[in-house]
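Okay, so here's the structure we're looking at.
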Amino acid sequence: MASDALSDSRHGEAIVNRILLVEDEPETAEFIKTLLESQRYEVHIAKDGGQAQASFVMKKPDFVILDLILPGESGFEICERFKLTDKDIPILILSEIELEDSIALAKRVGSDGYIVKPFEPSELFTQIREIATTMWNKTHGVEVAHSTEERRIRFSCKCGKRFKVSPTHRGKTLTCPDCGEPVTVPRHE
């Protein structure tokens with residue numbers, strides 16, 4: 001049944017079942033795992049590059065969520081190694097680092113998306129779906145008009161905090177993690 005859904009290129013919907021979560025903070029890892037399992041994903045946690053590599057090779061995830069600050073080697077190094085091993089497995093960076101240079105470097109080493117912590121659960125689910133679908137379309141030769149990154153809505157809070165969210169959030173109100181004030185996502189850019 002799942003293979004029927006994957007072979008139907010009219011929909012271009014990827015199926016993600018197994019997610020490898022590379023996160024060294026136990027509370028954060030457990031929170032994200034519980035969140036993902038509530039959406040019926042099977043989640044395997046790795047705390048460092050060695051565990052991540054073993055899980056990546058032995059359990060062959062459909063999707064990887066990767067922190068950047070890890071013991072031993074950085075998430076950048078792990079991302080690059082994973083993409084050299086299998087370029088078709090989507091990788092989403094989930095990090096507290098909000099620097100443009102980090103986002104650019106993540107993209108250069110093969111990351112398919114980047115979310116800054118703290119994050120809204122709906123944004124995580126949307127990113128997983130969009131990145132997996134974009135990757136599926138790319139690997140199956142389906143043309144996509146715009147990449148996920150190009151469709152992002154960019155805006156700022158009054159306090160200066162910058163946001164970049166999916167178009168599905170248009171008109172919704174988010175809480176700024178810096179100042180705690182409500183921020184409405186613009187309907188038009």
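Under the condition of being free of Cβ contacts under 8 Å to residues at least 60 places away in the same chain and surrounded by 15 or more Cβ atoms within 10 Å (Cβ to Cβ), which residue from the range 49-63 is nearest to SER74 (Cα to Cα)? So that I can check it myself, show each step before the final result.
Going through the range 49-63, the residues free of Cβ contacts under 8 Å to residues at least 60 places away in the same chain turn out to be 49-61.
From the residues that got through so far, the ones that are surrounded by 15 or more Cβ atoms within 10 Å (Cβ to Cβ) too are 49, 51-53, 55-56, 61.
Working: GLY49: 8, GLN51: 13, ALA52: 12, GLN53: 13, SER55: 17, PHE56: 16, PRO61: 20 Å.
Per the criteria, the residue is GLY49.
Restricting attention to the range 150-176, and to residues there that are under 14 Å from THR126 (Cα atoms) and β-branched (Val, Ile, Thr), which single residue is surrounded by the fewest Cβ atoms within 10 Å (Cβ to Cβ)?
THR168
Condition first: outside any helix (DSSP H, G or I) and over 21 Å from LEU84 (Cα atoms). Now tell me which residues in the range 107-141 satisfy that. Reasoning before the result, please.
Going residue by residue through the range 107-141, those that are outside any helix (DSSP H, G or I) are 109-120, 140-141.
Passing the criteria: ILE115, VAL116, LYS117, PRO118, PHE119, GLU120.
Only the coordinates and a few stated rules stand behind these numbers; no lab work does. This structure is a prediction, so every number in the text was calculated from the model and none was measured. Virtual Cβ from ideal backbone geometry, glycine too; neighbours counted across all protein chains shown.
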